[in-house]
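Student: My structure is below; once you've seen it, I'll send some questions.
The values are calculated or read from the model by the stated rules, or taken from the named source; none is laboratory data. Model, not experiment: these values are computed from the prediction. All Cβ positions, glycine included, derive from the backbone under ideal geometry; neighbour counts span all protein chains shown.
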Amino acid sequence: MPTEPASTEPASTEPASADRHRVLTAGVLFLVTFVSAIAGVQLYAPVLDGPGYVLGAGADTQVVLGVLCEVVLIVANVGTALALYPLLRRRTEGLALGYVVARVIECVFIAVGMLCVLTVVTLRLHAGELAASGAGPDVVSVSAQTLVALRNWTFLLGPGFVAGLGNGVLLGWLLLRAGLVPRALAVVGIAGGSLVALSGIGVLFGLWSQGSPVSAVATLPEIVWEAYLGIALTFVTLTAGQRRRAANRLARKSPQPSAA
């Protein structure tokens with residue numbers, strides 16, 4: 001008994017539409033990470049740049065707003081990985097999972113840095129009580145500076161080293177393989193991530209400081225790469241060529257109708 005052939009149109013349009021939504025979501029979240037990361041560092045400035053913060057009046061509200069910015073950063077970081085994973089795993093599932101893991105590890109470092117900053121705020125709020133219990137201003141100040149140093153190391157290893165390898169090298173390669181970015185821009189991401197990681201190694205070995213011109217220059221390509229991802233994935237999403245490649249991959253994976 002002849003049967004009517006099943007329509008393949010939904011199978012070709014629905015995955016493409018889902019892919020466009022995933023790419024758009026990732027692009028918006030990349031923009032959120034860009035803004036929240038910069039805002040968080042700027043709001044942290046009184047703690048990071050003021051050795052006497054813990055003993056002074058303090059700008060606790062500003063610092064807490066910086067912490068909230070980094071909470072948003074963590075959510076957006078994980079969101080970019082989860083949004084892109086279904087697309088990236090079609091090419092190399094192991095590396096796509098590796099990108100998700102790298103984002104999570106980066107967020108763990110960011111969270112530890114947040115706790116350090118909040119602890120400095122707590123020390124400032126209870127500095128009088130600590131002094132009454134016998135802990136002099138020097139002890140409180142050294143404790144705060146130790147926490148700030150720990151936060152700076154988490155920034156170097158998380159948003160610096162791990163993000164350079166994950167968000168730069170690994171993601172650049174995966175997006176190139178998936179056909180979602182031009183080759184030239186993918187090379188910028190791979191090179192930029194490598195430079196950030198190498199810059200972090202230089203800081204670890206004392207070749208230059210974390211805020212030195214060398215570190216700043218090495219970070220520029222990665223900044224360009226992440227800004228490009230946010231803008232391109234948000235406002236361009238999938239081009240016609242990218243949609244064709246996605247449809248071809250889907251067609252190759254779709255089961256062929258039986259000749260019977």
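Student: Write out, first by first residue and then by second, each pair whose Cβ atoms fall under 7 Å of each other, whose residues are 6+ apart or on separate chains, and whose first residue, in the stretch 207-223, is among the hydrophobic types (A, V, I, L, M, F, W, C) and surrounded by 12 or more Cβ atoms within 10 Å (Cβ to Cβ) while the second is modelled with pLDDT under 95 and not in a helix (DSSP H, G or I).
Tutor: If the second residue must be modelled with pLDDT under 95 and not in a helix (DSSP H, G or I), the pairs left are 214/208.
Student: Scan the stretch 61-80 for residues that are touching a Pro at 6+ places or on another chain (Cβ under 9 Å) and either of a type in the set (Ser, Thr, Tyr) or over 18 Å from residue 155 (Cα atoms) (or both) and jot them down.
Tutor: The one that is touching a Pro at 6+ places or on another chain (Cβ under 9 Å) and either of a type in the set (Ser, Thr, Tyr) or over 18 Å from residue 155 (Cα atoms) (or both): 62.
Student: Given the structure, is residue 195 modelled with pLDDT of 95 or more and in a helix (DSSP H, G or I)?
Tutor: Working: modelled with pLDDT of 95 or more: yes; in a helix (DSSP H, G or I): yes.
Taking the combined requirement at face value, the residue satisfies it.
Student: Could you look through the stretch 151-173, keep only residues that are more than 15 Å from residue 226 (Cβ to Cβ) and touching a helix residue (DSSP H, G or I) at 6+ places or on another chain (Cβ under 8 Å), and pick out the one that is surrounded by the fewest Cβ atoms within 10 Å (Cβ to Cβ)?
Tutor: Residues of the stretch 151-173 that are more than 15 Å from residue 226 (Cβ to Cβ), as a first pass: 151-157, 161, 173.
Going one step further and asking which of them are touching a helix residue (DSSP H, G or I) at 6+ places or on another chain (Cβ under 8 Å), we end up with 151-152, 154-157, 161, 173.
Details: 151: 23, 152: 16, 154: 21, 155: 21, 156: 21, 157: 19, 161: 23, 173: 20.
Filtering the stretch 151-173 for residues that are more than 15 Å from residue 226 (Cβ to Cβ) and touching a helix residue (DSSP H, G or I) at 6+ places or on another chain (Cβ under 8 Å), the one surrounded by the fewest Cβ atoms within 10 Å (Cβ to Cβ) comes out as 152.
Student: Restricting attention to the stretch 155-194, which residues are farther than 24 Å from residue 205 by Cα and in contact (Cβ under 8 Å) with a residue 60 or more places away in the chain?
Tutor: Our first condition is that a residue be farther than 24 Å from residue 205 by Cα; within the stretch 155-194, this holds for 170-189.
Within the stretch 155-194, 170, 171, 173, 174, 175, 177, 178, 179, 180 qualify.
Student: Looking at 84, 118, 95, which is the one that is at pLDDT 90 or above and over 30 Å from residue 177 (Cβ atoms)?
Tutor: Numbers: 84 fails: over 30 Å from residue 177 (Cβ atoms); 95 fails: over 30 Å from residue 177 (Cβ atoms).
Of 84, 118, 95, the one residue that is at pLDDT 90 or above and over 30 Å from residue 177 (Cβ atoms) is 118.
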